[in-house]
Structure formats: C-alpha cells, structure tokens
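Just below is one structure, and these are the notes that go with it.
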Amino acid sequence: QAKSDHRHSLQLFSQEMNRRAQERAAMERALHHALERGELTLHYQPQITSDPVLALHGMEALARWSHPEWGPVSPAQFIPLAEEAGLIPALTHWLVNEVCQQINTWRAAGIAVPHVAVNLSGRSFHQKGFAQNVSNTLRQHGLAAHDLLLEITESVMMDAREVTQENIELLSQQGFRLSLDDFGTGYSSLSYLHRLPITELKLDKSFVQDLEHSETARALTISVLSIAKSLGMTVVAEGVETSQQCRWLKEHGCEVMQGYLLGRPMPAHMLHAWSLEASAVCCS
Ligand code: C2E
Ligand code: MG
Ligand code: MG
Ligand code: MG
C-alpha cells in the first residue's frame, strides 16, 4: 500500500513538473513574438529630489509585457526568461531605442526630463560591442551619454569576465553614468565602489520598507548614506510608500526618492498630468 502511494505521488510530481516546463516553453515562445507584435511597452517612474521638494531627478524606464490572452506578465518573470532564451540583445536594443525616442518626444513637448534610468541585464555585458551599440543608438537619436543613466546590479559590478569589465570601462569612457540597483541585497565588495565609475546607489526597497520597524534597517541605511556621501555618490531610495519613510530619509540626508508615494510607474504620456498633480504630495 505504502509503496503504491509513493509511486502515485511521484507520478503526480512528474506530471506537475512536466506541466510547468510546458508552460515555460509556451511563455518563451510567446516572448519571442512579443517584441515584433508590439506587446512590450515601457512605463516610467519619477525620481524626485527631496531638497528642494519635487524637483525631477530622472525617470526610470520599466518594461511591461501584456500578452493578448494572459494579460500583464511581471518583468520579474519575463526578464529571467528572456535571459535564458537569449533574447536580451533584442530586448535591450528595443529598450534603448524606445527610451531615446521618448526623451525626444518629451523634450519636443517642453517637458524637461533630466535623464532616463534604464535597467540593464548582466547578460548585455557579455556581448562584445555592447557599449558601442548603446552609444551608437544614442547618437542616432541626437542624444548624449548623460541623457541616460545605466542601472546595473552588484553581480554585474562583481563579474570578473573580461568582456564585462571592458564594456563597463568603454561606457564610462564615453561618459555614461552607472547606478547600482538594489544596493545592499547582493554580495558586493565595498572596494569595488570606487574602482568603478558608479555615481549613484539605489538603496533597495527592503531597507526602506523596514525603516519604521527595524533598528538594523535604520543603522544600515545611515551607513549606506554615509559611505555614498564620502565617495561623492547620490543615493536614491527605492520603494518609498509613506510620508514617514520619506521624512526620515530626508532628515538623514537622502537626496532622491522613488516610490508609490511620489508616483507609480506610468505610461509616458501621463507624465505631464502627474507633474501637475504631484505638487499636492506632502513629503515634509
Ligand atoms: P527594479 O529596477 O529594482 O525596479 C523597481 C521595482 O519596484 C519596479 O518593479 C517598480 O514598479 C517597483 N516599485 C516602485 N515603487 C515601489 C513602491 O513604492 N513599492 C513597491 N512595493 N514597489 C515599488 P517592476 O516594474 O515589477 O520591475 C521589477 C524588476 O524587473 C526591476 O526591479 C528590474 O530589475 C526588472 N526590470 C524591469 N524592467 C526592466 C528592463 O527593461 N530591463 C531589465 N533588464 N530589467 C527590467
Ligand atoms: Mg532599477
Ligand atoms: Mg531596484
Ligand atoms: Mg528591485
């Protein structure tokens, strides 16, 4: 009896594994078509300087995929899939192009966006010629390196591959600024911070969300702010949802905030309406 139960649950297990593998494969096939079918779009989330309140620091571009049957698929799900499927070069090319067009559209409408931050997958840095591709695309749109801010993660910074370090070096020579995303969640060596051309740290939202309850989160945040200050880097706090968090961060010298309190990721055409409404947000 026990033996047959065991066999039965193994069978269920392998059926479940099989089903998931099929789902993944279907999603991967759909993602191949998503770009050409225009199913991918970008949303933009404002980053606000705390002093003076409500000056626009920049906008972060966040990829969105809406599948005709499944509806919205989270980037936390489809970006890793794109990485495994070898779709990152195509996705990044689309992303940089799209962002450049958008910057020009905003500027033509008289909306001053200092820069747009783009998230780069570590896979992009494994491509020889990646840095050159990015700067060529910018030039085609009549834009310059400081119109973008490139968000990388700690794992890219720590990636010892020659090709990765070469791409970082080339980007920096061409005047691109790098921002370290999700700072504090990875395994980075602090000594890398000043060896690489990092100009900004994005304090991970897990710290911000724990500020109110955790002495440790407060202590760690204070040390990140202090390290950044002594290295001449800007800190952007991610995931700011409450005015208490905003006030505490501001009091402790955090210069830039990003989060639902200040503005959700939105379609590009909403920026103008948002900026009018935003003057009502209280962050002091
Ligand atoms: P990320 O770059 O750290 O982006 C911040 C995430 O936090 C975004 O999730 C954003 O919508 C969310 N967020 C913003 N404010 C708040 C807040 O106040 N509270 C909470 N709880 N969340 C907030 P999203 O858009 O789902 O993106 C998830 C991740 O997917 C991004 O994390 C980034 O790593 C990746 N991603 C998104 N777009 C792209 C892209 O175009 N290329 C690449 N390579 N990765 C992307
Ligand atoms: Mg980011
Ligand atoms: Mg982040
Ligand atoms: Mg994140």
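Throughout, read-outs are computed from the coordinates displayed, never taken from laboratory work. Small disclaimer: the values here were computed from a predicted structure and weren't measured. Please note: Cβ atoms are built from the backbone with ideal geometry, for glycine as well, and neighbour counts cover all protein chains shown.
Observations on the structure shown:
- Under the convention that each Lys and Arg Cβ holds +1 and each Asp and Glu Cβ holds -1, the size of the dipole of the chain around its Cα centre is about 320 debye.
- Tally of Lys pairs whose C-alpha atoms are under 18 Å apart, taken over the chain, 8 or more apart or cross-chain: 4
- 5 angstrom amide H check on ARG177, placed H, neighbours 5+ away: LEU150
- Between the amide H of HIS67 and those of VAL73, distances stay under 5 Å, these residues lying 5 or more places away or on another chain, with hydrogens modeled in the peptide plane.
- Fraction of antiparallel bridges per DSSP, the chain only, in percent to nearest 5: 45
- Relative frequency of Cα-Cα separations exceeding 27 Å in the chain, percent: 47
- Computed from Cα positions, the angle between helix 75-84 and the longest principal axis of the chain comes to roughly 70 degrees.
- Mean-position separation - Cα centroids, the range 13-89 and the range 91-122, in angstrom: 17
- 0 to 90° range, to nearest 10: angle between helix 215-230 axis and the chain longest Cα axis: 60
- Only one residue of ASN136, GLN244, PRO114 has its Cα farthest out toward the positive end of the dipole of the chain, where Lys and Arg carry +1 and Asp and Glu -1 on Cβ, and that residue is ASN136.
- Rounded tilt (10° steps) of 2-34 against the dominant C-alpha axis of the chain: 50
- Residues with amide H under 5 Å from that of GLU241, placed H, sequence gap 5 or more: LEU261
- If only the Cβ of Lys and Arg carry +1 and only the Cβ of Asp and Glu carry -1, the dipole of the range 183-276 around its Cα centre is close to 200 debye.
- Positive-end extreme of charge dipole, the chain - chosen from THR49, SER188, ALA90 (charges on Cβ): ALA90
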